[in-house]
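Colleague: Attaching a single structure in structure tokens format; questions to follow.
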Amino acid sequence: MYRKTMAGLLAAGVAFSFNGVMAEGPVQAPNAQSSSAFDNKIIKKISSDNMYNTVAKLSQQPREAGTDGELVGAQYIKSQFEKYGYETELQPFPFYETVRNNASGALQVNGQVFTPYVFSGSYSAEVSGQVIHVGKALAGTVSDEVKGKIALIERGDITFVEKIQHVQDKGAIGVIMYNSSGSSNAFGQAAYGQNIPAVAITRAEGLALVDKLKTEPLTSTIKVTGSGYVEKTSYNVIAKLKPHKNKDNGQVVMVGAHHDSVHGGPGANDDASGVSAVLELARVMANMPTDTELRFVTFGAEEKGLLGSYHYASTISDKEADRIVAHFQMDMIGSKDAGGDNPAGGLIMYTIDGKKNLVTDLAAAAGARTAAAEVIPYGQLGRSDHQPFHELGIPAALFIHSPVEPWYHTPADTIDKIDKNKLQEAAEIVGASVYQIARPDTPALEHARVAPGPVDYDFEDRPVQ
Ligand SMILES: [Zn+2]
């Protein structure tokens, strides 16, 4: 028995001194014949029926960020966390969405009337002035002469937003951008805060103006109404559970998902599935003794560009970030139709840098001893809320079935596509991993004397779509 114990400790890479007596108290190593005994306190309590019911509840209506549907979902999630005894917060944050009223765009140059395309998010205003050609408006190339004038810009090489900014910084009052190829004028996006109107014309129209400018001055009027940015509010739901005071090791472990859906999509798998696992793990861990703060967060506006998780990350001080030892992100963990023929239903752990970290180490091993009964591979992908945590230096990974299902981001992402076994397996893996960090007999990760040993697991270059 002791020998096996020693082997387990060595496999876990634990340093200790041994001279007939264990240096630090008794050790309860997992038994090789039933290694899941280590996790039983957690995994036996995880109910995929509960998770399925959460997905059913949340997917009754779309939850696009900034809509009532999101708020209803967020309030439900908050109420569940509160029921489980967590210190809970609904954290609002503003975001800005473009409105574009193309019909409103009007453009005249020396009396010639154009039907321009209004940039998405273009500032609404009417301006008149002399036209000046500034080429592609690359950095450092725009002269001071643009001040008070309307900049005629060629598309290409840098972003629309950069081009607008370069001429706005020099005092331009409007932008006419012509295409770099083809016959279309449908392009262009302005950023929030860029307060000059911007419209697009075809390449042929643009080149004709460039030609005319060689022989005569041109005066233009641009009129844009009903376009620009509107402020909306999205929410993160944050739930914390402090460890017992005497056991507190100062560490925090985080588990996240996003509760918002795409526009018009019920988002059963994307990502009510991840939320269902967050809530279920919060429930089963609520009364467990831990030495680590548990922090469960569901993010808003993930589908708008990870806005909720970036907002949340911006509220974390460097000191607090140092205390967060891991972030587990679950996004799309329940689809029957995802994962192809890959083992474990296609479950994979994606990291931002394509490298292993604490999260993937723990979860790869947990996969082998929980319901999935597979060592989970890892790969490289951003595109979810693990990104800002990685940027804070926190070990983070995304759990997802890859490749994704055909219903991804469609109105057909509904409850009938959800597989309870997949929910169960993903939740067990994350739950067992989180528990390995949080349980009080693993005081610091590197001294985790009772932890199951590590496993070998592989990188897979598996595209998610
Ligand atoms: Zn999505």
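Colleague: Please verify whether the range 315-329 includes one or more residues that are in contact (Cβ under 8 Å) with a residue 60 or more places away in the chain, within 16 Å of the ligand (Cβ to nearest atom) and closer than 27 Å to Asp458 by Cα.
Modeller: Yes - at least one qualifying residue is present in the range 315-329.
Colleague: Pairs please, first residue from the range 170-182 and in contact (Cβ under 8 Å) with a residue 24 or more places away in the chain, second anywhere and hydroxyl-bearing (Ser, Thr, Tyr) and open to solvent by 10 Å² or more (accessible area, probe 1.4 Å), Cβ atoms under 6 Å, 6+ apart in sequence or on different chains.
Modeller: Short answer, once both residue conditions are applied: Asn179/Thr202.
Colleague: Mind checking whether some residue in the range 114-128 is under 30 Å from the mean Cα position of the chain (by Cα), more than 26 Å from Pro217 (Cα to Cα) and touching a residue at least 60 places away in the same chain (Cβ under 8 Å)?
Modeller: Yes, some residue in the range 114-128 is under 30 Å from the mean Cα position of the chain (by Cα), more than 26 Å from Pro217 (Cα to Cα) and touching a residue at least 60 places away in the same chain (Cβ under 8 Å).
Colleague: Is there any pair with a first residue in the range 372-393 that is over 12 Å from Asp353 (Cβ atoms) and touching a residue at least 40 places away in the same chain (Cβ under 8 Å) and a second that is among the small types (Gly, Ala, Ser) and within 16 Å of the ligand (Cβ to nearest atom) whose Cβ atoms are under 7 Å apart and which are 6 or more apart or on different chains, and what are they?
Modeller: Matching pairs, first to second residue: Asp385/Gly256; Asp385/Ser309; Pro388/Ser309.
Colleague: I'm trying to understand the selection: among the residues of the range 72-89, which are aliphatic (A, V, I, L, M) and open to solvent by less than 50 Å² (accessible area, probe 1.4 Å)?
Modeller: Filtering the range 72-89 for residues aliphatic (A, V, I, L, M) gives 72, 74, 77.
Of everything in the range 72-89, those that are aliphatic (A, V, I, L, M) and open to solvent by less than 50 Å² (accessible area, probe 1.4 Å) turn out to be Ala74, Ile77.
Colleague: Please find, within the range 140-169, the residue that is farthest from Asn110 (Cα to Cα) out of those that are of a type in the set (Lys, Arg) and more than 34 Å from the chain's Cα centre (by Cα).
Modeller: Within the range 140-169, the subset of a type in the set (Lys, Arg) is 147, 149, 155, 163.
Then keep just the ones that are more than 34 Å from the chain's Cα centre (by Cα); that gives 147, 149.
Numbers: Lys147: 20, Lys149: 14 Å.
That would be Lys147.
Colleague: Take the residues of the range 91-111 that are at pLDDT 95 or above and open to solvent by 50 Å² or more (accessible area, probe 1.4 Å): which is farthest from Pro243 (Cα to Cα)?
Modeller: Asn110
Colleague: Next up: Name every residue in the range 130-150 that is touching a Gly at 6+ places or on another chain (Cβ under 7 Å) and of a type outside the set (Lys, Arg), in order of residue number.
Modeller: Correct list: Thr141, Val146, Gly148, Ile150.
Colleague: Checking Ser128 against (1) outside the structural domain of Ala286 (by TED's automatic domain parsing); (2) among the polar types (S, T, N, Q); (3) part of a loop (DSSP other than H, G, I, E, B), which test does it fail?
Modeller: (3)
Colleague: Taking Val404 and the conditions (1) at positive phi; (2) within 16 Å of the ligand (Cβ to nearest atom), which numbered condition does it fall short on, given that it satisfies the others?
Modeller: Failing condition for Val404: (1).
Colleague: Tell me whether the range 357-378 contains one or more residues that are within 16 Å of the ligand (Cβ to nearest atom) and over 22 Å from Ser276 (Cα atoms).
Modeller: Among the residues of the range 357-378, not one is within 16 Å of the ligand (Cβ to nearest atom) and over 22 Å from Ser276 (Cα atoms), which makes the answer no.
Colleague: Sticking with this structure for a sec: Those residues that are in a helix (DSSP H, G or I) and of a type in the set (Val, Ile, Thr), I need them from the range 199-216; list them, please.
Modeller: Result: Val210, single match.
Colleague: Among the listed residues Gly182, Gly193, Gly140, identify the single one that is at pLDDT below 95 and either open to solvent by 40 Å² or more (accessible area, probe 1.4 Å) or part of a strand (DSSP E or B) (or both).
Modeller: Values: Gly182 fails: at pLDDT below 95; Gly140 fails: at pLDDT below 95.
Sole residue among the options that is at pLDDT below 95 and either open to solvent by 40 Å² or more (accessible area, probe 1.4 Å) or part of a strand (DSSP E or B) (or both): Gly193.
Colleague: Still on this structure, please answer the following. Just name the residue that is nearest to Ser120 (Cα to Cα) out of those in the range 154-179 that are open to solvent by 60 Å² or more (accessible area, probe 1.4 Å) and not in a helix (DSSP H, G or I).
Modeller: Here the answer is Thr159.
Colleague: Going through Thr298, Thr290 one at a time, which residue ends up being in contact with a helix residue (DSSP H, G or I) (Cβ under 7 Å, 6 or more places away or on another chain), within 14 Å of the ligand (Cβ to nearest atom) and either open to solvent by 10 Å² or more (accessible area, probe 1.4 Å) or among the polar types (S, T, N, Q) (or both)?
Modeller: Only one candidate passes the filter, namely Thr298.
Colleague: Note down all Cβ pairs under 8 Å where the first residue falls in the range 397-421 and is of a type in the set (A, V, I, L, M, F, W, C) and assigned to a loop (DSSP other than H, G, I, E, B), the second is open to solvent by less than 50 Å² (accessible area, probe 1.4 Å) and at pLDDT 95 or above, and they're at least six residues apart or on different chains.
Modeller: Val404/Met332; Val404/Ser335; Val404/Ala338; Trp407/Asn269; Trp407/Ser335; Trp407/Asp413; Trp407/Thr414; Trp407/Lys417
Colleague: Taking the range 301-314 only, how many residues are under 10 Å from the mean Cα position of the chain (by Cα) and either among the acidic types (Asp, Glu) or more than 12 Å from the ligand (Cβ to nearest atom) (or both)?
Modeller: First, pick out the residues of the range 301-314 that are under 10 Å from the mean Cα position of the chain (by Cα): 301-310.
With the extra rule that they be either among the acidic types (Asp, Glu) or more than 12 Å from the ligand (Cβ to nearest atom) (or both), the set shrinks to 302-303, 307-310.
Residues that pass the stated criteria total 6.
Colleague: Would you be able to tell me the number of residues in the range 317-367 that are within 15 Å of Gln387 (Cβ to Cβ) and open to solvent by 60 Å² or more (accessible area, probe 1.4 Å)?
Modeller: So the count comes out to 2.
Colleague: Okay, moving on. Would you point out the residue of the range 330-351, among those that are more than 19 Å from Met51 (Cβ to Cβ) and not in a helix (DSSP H, G or I), that is nearest to the ligand (Cβ to nearest atom)? Talk me through it step by step, then tell me what you get.
Modeller: Taking the range 330-351 first, the residues more than 19 Å from Met51 (Cβ to Cβ) are 340-343, 348-351.
Filter again for not in a helix (DSSP H, G or I), leaving 340-342, 348-351.
Details: Gly340: 19, Asp341: 23, Asn342: 20, Ile348: 16, Met349: 18, Tyr350: 14, Thr351: 18 Å.
Among them, the one singled out is Tyr350.
The values are calculated or read from the model by the stated rules, or taken from the named source; none is laboratory data. Model, not experiment: these values are computed from the prediction. All Cβ positions, even for glycine, are placed from backbone atoms using ideal geometry, and neighbour counts span all protein chains on display. Keep in mind that these areas ignore ligands, DNA and RNA; they rest on the heavy atoms of the full protein, side chains included. Shrake-Rupley method; radii C 1.70, N 1.55, O 1.52, S 1.80 Å.
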